[in-house]
Amino acid sequence: MAFPRPLKPWLSRSPGAVFTLYAMFVAFSTYFCMYAYRKPFAAAKFEGLKFLGTEVDLKTAFVISQIVGYTLSKYIGVKLCSEISPGRRALALLGLIGIALGALLLFGLLPTQWKVVAIFVNGLPLGMVWGMVVGYLEGRRSSEILLAGLSSSFIVASGFVKDAGRFIIDGFGVAEAWMPFTTGLVFLPFFVLSVWLLDQLPAPSQEDIAARVERKPMDSADRMRFIREFALGLFLLLVVYFFLTAYRDFRDNYAVEIFADLGYAGQPAMFTRTELPVALCVLLVMAALNLIKDNRRGLMGAFGVMTLGVLLLAGGTFVHGLGLISGLVWMVSTGLGAFLAYVPFNSVLFDRMIAATGVTGTAVFAIYVADAAGYTGSIGVQLFRDLVLGDSSRLVFFTGFTYFMAGIGVVCLFLSATWFARRTGQGRAG
């Protein structure tokens, strides 16, 4: 089934700036709306409830259950998102969100302890949405700016939909269990429209292919060849991403509790207030990388941005510990540091890596290998906190985790950057 594409001829002829703005906006809108099916439940507290009589908080069980589904989705996406043909992406996006919304309906209907099953099913399709959207954007001369715009969507959207969830609960009296489904219904028409607009994008031009290498669907042999080609450098990146995803997820899922411990309980729109400046800063930095035309230098630039991010985590936390900045400013600094390190993994890093080396592959495949490792780490870290360090507050755990993330991030990013600098210095840089 193919959707009508009346805007495609116009976009093919439009000036580069017009095309870039259009593509950035519709990709941003599509992924922004996806978060209305993934994150609203995190705005609820489910206070005082434990999972099946264990020491695991019910909210932690919900978070982990969704992440397990989301992680499995990433493993499935390694194959599905790298193989799917461009003509089937729009239908796949609508189908994935339909499944997620149905699962949120079950979340409202099922008894409390069984809701973990519904939230698992909710996560199962959502992990593939990113890859479907990236497939429209990669391999273009403007890919950095397009993928930066896309990445800024999940920075802003996570806070916005949690604020929307709190508003639905506090303003309309909707029960915590029904708030996620209600939020999803509100966003559904916007998601459908966004997907239709996204599907109007034409394929990369010949100029795009010449600058960034043609991107083709990858079979199993292509995928194994790609992994062997980048084995050591990729392994070091996966170690960073394993903990970085866990760090970002912990900050995101337990922001309500962290803000409360910092003295901001009950203050409106706290999520949006912290994430909006982070998104704007990250977007500007990622857009600046687009000015680097040489692919090898662009790849090293991405490593530089990621290293700056993990250093900011440690620096901001140290200054906050001295009492020199407020808790709100500290949360902005941890968000900025985390996303400066995280966003390149989902955008420019692998796109530049492929372009700089000339190796056949797609950025979507590399992103999904990283995501599969990252969300596995997220599950492990959250279980470790509840089962081993359950007596410590989430604020205390988050502070310690910040220093750990900064340390391991600097070491592994330096070693990986050194490996790729040598690899791309062998006459294959673009």
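Some values worked out for this structure:
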item	result
Principal-axis tilt of helix 363-388 within the chain, Cα atoms, nearest 10 degrees	20
Highest-first arrangement of 168-181, 293-306, 5-18, 57-70, where packing means the average Cβ count within 10 Å	57-70, 293-306, 168-181, 5-18
Dipole in debye (nearest 20) - the chain, about Cα centre, beta carbon charges: Lys, Arg +1; Asp, Glu -1	1040
Val319-Ala17 pseudo-label distance in nm [points 7 Å out on the Cα-to-Cβ vector]	3.5
Listed residue (Phe397, Gly323, Pro189) projecting farthest to the positive dipole end of the chain, Cβ model	Pro189
Dipole of the chain [Lys/Arg +1, Asp/Glu -1 at C-beta], most positive-end residue of Gln206, Met353, Leu313	Gln206
Entries of Lys8/Lys162; Lys115/Lys162; Lys45/Lys79 with Cα pairs more than 26 Å apart	Lys8/Lys162; Lys45/Lys79
Two-site FRET efficiency, Leu308 against Ile408, from Cβ-Cβ distance with R₀ of 22 Å, rounded to 0.05	0.90
Net lengthening on full extension, Lys45/Thr112 (0.36 nm per residue, minus Cα-Cα)	22.8 nm
The chain: translational diffusion in µm²/s, Stokes-Einstein, Kirkwood Rh over Cα pairs, 4 °C, 1.567 mPa s	59
C-alpha long axis of helix 58-83 to longest principal axis of the chain, angle in °	10
Principal-axis tilt of helix 348-357 within the chain, Cα atoms, nearest 10 degrees	30
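Rule-based calculations on the coordinates, nothing more; no lab input. If you're wondering where the values come from, they're calculated on a predicted model, not measured in any experiment. All Cβ positions, glycine included, derive from the backbone under ideal geometry; neighbour counts span all protein chains shown.
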